[in-house]
1. Any number yet on Rg/Rh for the chain, C-alpha, Kirkwood?
2. Take the alpha-carbon centre of segment 135-184, take the same for segment 221-246, and report the distance between them in whole Å.
3. Suppose all protein chains stay in the model; what accessible area per residue would a 1.4 Å probe give for the chain, in Å²?
4. Stretch LYS71-THR160 to full length: gain in nm at 0.36 nm per residue minus the Cα-Cα span?
5. Normalized C-alpha radius of gyration of segment 75-165, against 2.2 N^0.38 Å?
6. Provide Rg over Rh for segment 146-190; use the alpha carbon set for both Rg and the Kirkwood Rh (inverse mean inverse pair distance).
7. Ignoring any ligand, DNA or RNA, what whole percent of the accessible area of the chain comes from carbon and sulfur when the probe is 1.4 angstrom?
8. Comparing GLY143, GLY298, GLY165, which has the greatest mean-square fluctuation in the GNM of the chain with Cα pairs linked when under 10 Å apart?
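The values are calculated or read from the model by the stated rules, or taken from the named source; none is laboratory data. Predicted, not measured: the structure shown is a model, and the values here were computed from it. Because the Cβ atoms are built from the backbone with ideal geometry, glycine has one as well, and the counts that use them run over all protein chains shown. We work out accessible area using only protein heavy atoms, side chains counted, and drop any ligands, DNA or RNA first. Shrake-Rupley method; radii C 1.70, N 1.55, O 1.52, S 1.80 Å.
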Amino acid sequence: MKNFLSKDSVLKVISFIVTVLIWIYIIIVVDPLVDVTVRDIPVRYANRSMLADQELCVLESSDNIVELKIKGSRKKIANIDNKNVYATVDLGNITKTGRYSLPVNISIPYEYSEIVSKKPYNIDVTIDKLVREERNIDIKAEGDTANGYIAGKPTSDVTTAEVEGPASVVSGIKSIGATFNYDGRAADIKETVKVYALDSSGKHIEDKIKLSVDEIEIECPVYKVKTVPVTVDFGGDVNTDEYKITVQPSNLSVYADNDTLAQLTEIKTEPVDFNVLKEKGTVTSGIAVPEGVYLRDGITEITVKLAEKN
């Protein structure tokens, strides 16, 4: 037995077992105090409603985070992390705009001995005037319709949105918009699109403001394009057999709904006085565009020329 105990390997085993038992005793029975560091605790703001009652608001900063070092029982603070520790800044005593350095208050739902350190102790807060403005919603289109088709004017039943937020941010909003894509379509468009705010450089403003409208439904007609000849309206029966009459342009691109376009075979000028045409040789005339038909190229006048046949 003596020889057995004298062996180094046995002594090492016994030493290890004793060490483990002591460690277990300290951890489970004694439960010593330890320091735990909790990082990236987001800062929350209390009593916002009291600010809003005074037409004020806080300009938040997304990088406001707190780091804590907490001392306490290993058992009791083992589960502490940045999801169950709360860092708050109280806005309840502020009554006017300006920049304030406010203390960070800590709430921990576990028993602990002390907060060893807190970084930062104070948070700089900017208080701005809370404003609300009604803005028009600009509907914008991207892409192209299918070849041979053209889109009409997009519309929506909702044409305005109220913007709420800090005066310094709202004043920087250039426009409120909603965008859809033609996406090569050959039929009327009806879809729901998001509403957004843009600054003067065209960048989206996604925080610090609230829009009363998140989405709108837009409708946009899509028409088939057709090329039809232009004919001269002389306002009655006129014998033109001895003359050669030309018009410029001789054809026009038009668009309309499918039924109207199917029945359209020509576009007439407004009435032209034949005697005046014979006298001058060249006249200009407006275009008699039928109801529900639209000119594609923005042409508003037709040139009519007359010459005797050889």
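1. 1.41
2. 39 Å
3. On the way: 19500 Å² over 310 residues.
Normalised by residue count, the accessible surface of the chain is 63 Å².
4. 26.6 nm
5. Against the compact-globule rule of thumb, the ratio is 2.08.
6. Dividing the radius of gyration by the Kirkwood radius yields 1.16.
7. 47 percent
8. Result for the chain, Cα springs under 10 Å: GLY298 fluctuates most.
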